1. Looking at the structure I just gave you, is THR77 hydroxyl-bearing (Ser, Thr, Tyr), without any contact (Cβ under 8 Å) to a residue 40 or more places away in the chain, touching a strand residue (DSSP E or B) at 6+ places or on another chain (Cβ under 7 Å) and surrounded by 15 or more Cβ atoms within 10 Å (Cβ to Cβ)?
2. Would you mind stating whether PHE28 is in contact with a Lys or Arg (Cβ under 7 Å, 6 or more places away or on another chain) and either over 16 Å from GLY10 (Cβ atoms) or among the hydroxyl-bearing types (Ser, Thr, Tyr) (or both)?
3. Only one residue in GLY8, GLY60 is surrounded by 15 or more Cβ atoms within 10 Å (Cβ to Cβ), at pLDDT 95 or above and at positive phi, so which one is that?
4. Looking at the range 87-106 only, could you name the residues that are in contact (Cβ under 8 Å) with a residue 60 or more places away in the chain and open to solvent by 80 Å² or more (accessible area, probe 1.4 Å)?
Amino acid sequence: QVQLVESGGGLVQPGGSLRLSCAASGNFFSINAMGWYRQAPGKQRDLVAVITSGGSTTYGDSVKGRFTIARDNAKNTVYLQMNSLKPEDTAVYYCNFYLRAPPTGILGNYWGQGTQVTVSS
């Protein structure tokens, strides 16, 4: 069974920084894309950033230039460095992995439990 465990959320003042982490554990063959999504109350879940197995990155328009996604394949971990945080960044942040797990090895989509990020003075 595959588990994604997130950490690093919390309360930060506007203009501040946070770093989120998400590590995969359990039985799987390989990880393809890793990403972060967020969902504010009453809104849909939106893409924040994604990084492919080759290291290519894509960012949501609202976070470009402020957030950076990175991955450590040896640790099966993805990171999200968030700088210049704004109140509108307040949301629950979810990590998302596409990975291949036994017994079939078919590419599957897995989600973390979510971590709250609150930007407020």
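The values are calculated or read from the model by the stated rules, or taken from the named source; none is laboratory data. These figures come from a predicted structure and were not determined experimentally. Cβ: placed from backbone, ideal geometry, glycine included. Neighbour counts: every protein chain shown. For accessibility, only protein heavy atoms count, side chains too; no ligands or nucleic acids. Shrake-Rupley method; radii C 1.70, N 1.55, O 1.52, S 1.80 Å.
1. no
2. For PHE28, the condition - in contact with a Lys or Arg (Cβ under 7 Å, 6 or more places away or on another chain) and either over 16 Å from GLY10 (Cβ atoms) or among the hydroxyl-bearing types (Ser, Thr, Tyr) (or both) - is met.
3. GLY8
4. TYR98, ARG100
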